[in-house]
Amino acid sequence: MKSSNPFPVEPTGFLIGSYIALILYGLHLTQLHSYFTRYSYDPLRRRLLVLWVFLLSTFQVTIIFSAGWKYFVGGTRDGGKIWGEFWDPLSVQDGL
């Protein structure tokens, strides 16, 4: 049976993957808080590196939220044209 879904991603896999990514982001926030409270005397360079990794992780979650919004809420109002505005941020995420 051929699907009429214009998106090349299965919605179930995308949703489950998004939930897993958000759970891991929550764990990342917990580790970040633990690091900055326990190791406050680490060198500035190391603390900036930890902060940089956190900013990249936050950027990735932002991309997941925007992609999920476009996929599940925006739908196919524009006739299924998703390659320009939907997959470009996801390709940036793969580079992270």
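The values are calculated or read from the model by the stated rules, or taken from the named source; none is laboratory data. Keep in mind that what you see is a predicted model, and the values were worked out from it rather than measured. Cβ: placed from backbone, ideal geometry, glycine included. Neighbour counts: every protein chain shown.
Some notes on this structure:
- Among the residues examined, Leu56 does not qualify as more than 12 Å from the chain's Cα centre (by Cα) and modelled with pLDDT of 75 or more.
- Every residue from region 17-58 that is hydroxyl-bearing (Ser, Thr, Tyr), surrounded by 14 or more Cβ atoms within 10 Å (Cβ to Cβ) and more than 29 Å from Phe72 (Cβ to Cβ): Tyr35
- Extreme residue, nearest to Tyr19 (Cα to Cα), among residues of region 85-96 that are modelled with pLDDT of 55 or more and either charged (D, E, K, R) or loosely packed, with under 12 Cβ neighbours inside 10 Å (or both): Ser91
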